[in-house]
Amino acid sequence: MIKLTRSSSIAITLAAAVALAACGKKEEAPAPVVAPAPAPVVTQPAPAPVAEVASFAGLALGNAVDAGQNVTTPMTTFAPTDTIYAAVTTKGAAPNAAIVARWTFGDGQLVDESSQSIAPTGAAVTTFHIAKPEGWPVGKYKVDISLDGNPVASQEFEVK
């Protein structure tokens, strides 16, 4: 038989204890992998909607208009039997706009007032007119134009 020395038996006992301890030891689970936080999404604010607005561009008076509703010959003096046209030019686009023509005689006596709703998509001409088959009284007149309730033009004219 083999004879063991005391130091050999201690070494064997220690080795056995270490081996037994290693067998009962639980292995630690690896640390979970944490995905990096997603980068924040930067959004640009939507551009503010552009207000659609029709704006006044011009007024012409005359006694005749062409197919495009433009005054053929601008004038400020009319004959008593003339039909008097006011061609209002607008620019811009709007889903709905209102133009009012207010015609007066002398010291402000109302001759006529009318309005038209328009929905322009660019330059446009809107025509108003007054007529009196028995003839206009001689004197000074005026037409005032407003767009969406705001005065935009005034034109004096005369009947001789």
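Annotations for the structure displayed:
- A Förster radius of 22 Å combined with the Cβ-Cβ distance from T77 to A123 puts the calculated FRET efficiency at roughly 0.20.
- The smallest convex shape that holds all Cα atoms of the stretch 54-159, its convex hull, gives 88 Å³ per residue.
- Net charge, K91 excluded, C-beta distance under 15 Å - Lys, Arg +1, Asp, Glu -1: -2
Bear in mind that the values in this text are calculations on the coordinates, not laboratory data. Quick caveat: nothing in here was measured; it's all calculated off a predicted structure. Here the Cβ is made from the backbone with ideal geometry for all residues, glycine too, and neighbour counts use every protein chain on show.
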